[in-house]
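What follows is a set of notes on a single structure, which appears directly below.
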C-alpha cells in the first residue's frame, strides 16, 4: 500500500482515489518496454539529479513518470493512445490546470532516440524552474 501523506503536509497524493493508488502500485510491476528503458535513465536521480517517480497517482490519474521538483509529468504513449486522443487531451488539460507540465513521447521515439527524449526532458525541467 502507498504511504499515507502526513496530515500537516500537502502532497500530490492528495485527492488521488485509493483505487488510483492501488492501480499505480500494480502498474509499477508491469512497465512497458519503452517505459522500462526510460525508467532506467530516470531512476536514482540519473538525469541531472532530478528525482522521478514512476506510475505516480496525481488526482484521478496515474502519470507514467513524475518529477515533483520540476512539476513535470512524462507520458510514454503506445499505439492505443492514437485511439484515445480526446481522453489524453482532457487528462493533459486537467494536469496543466494543476500547474503541471506534461510531456508526451511515443514508445517508438523512446526506443529510436532516447537521447533526444532525455534532452527534451532536461530542457523542460529547466524551463519549469529546476
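Here are some notes:
- Tail fraction, Cα-Cα pairs, the range 34-127, threshold 20 Å, whole percent: 31
- Computed lengthening from residue 69 to residue 48, 0.36 nm per intervening residue step minus Cα-Cα distance: 6.4 nm
- Spin-label model, residue 112/residue 126: points 7 Å from Cα along the beta carbon direction are separated by 2.5 nm.
Only the coordinates and a few stated rules stand behind these numbers; no lab work does. Everything quoted here is computed from the prediction, not taken from an experiment. Neighbour counts run over all protein chains shown; Cβ positions are idealised from the backbone, glycine included.
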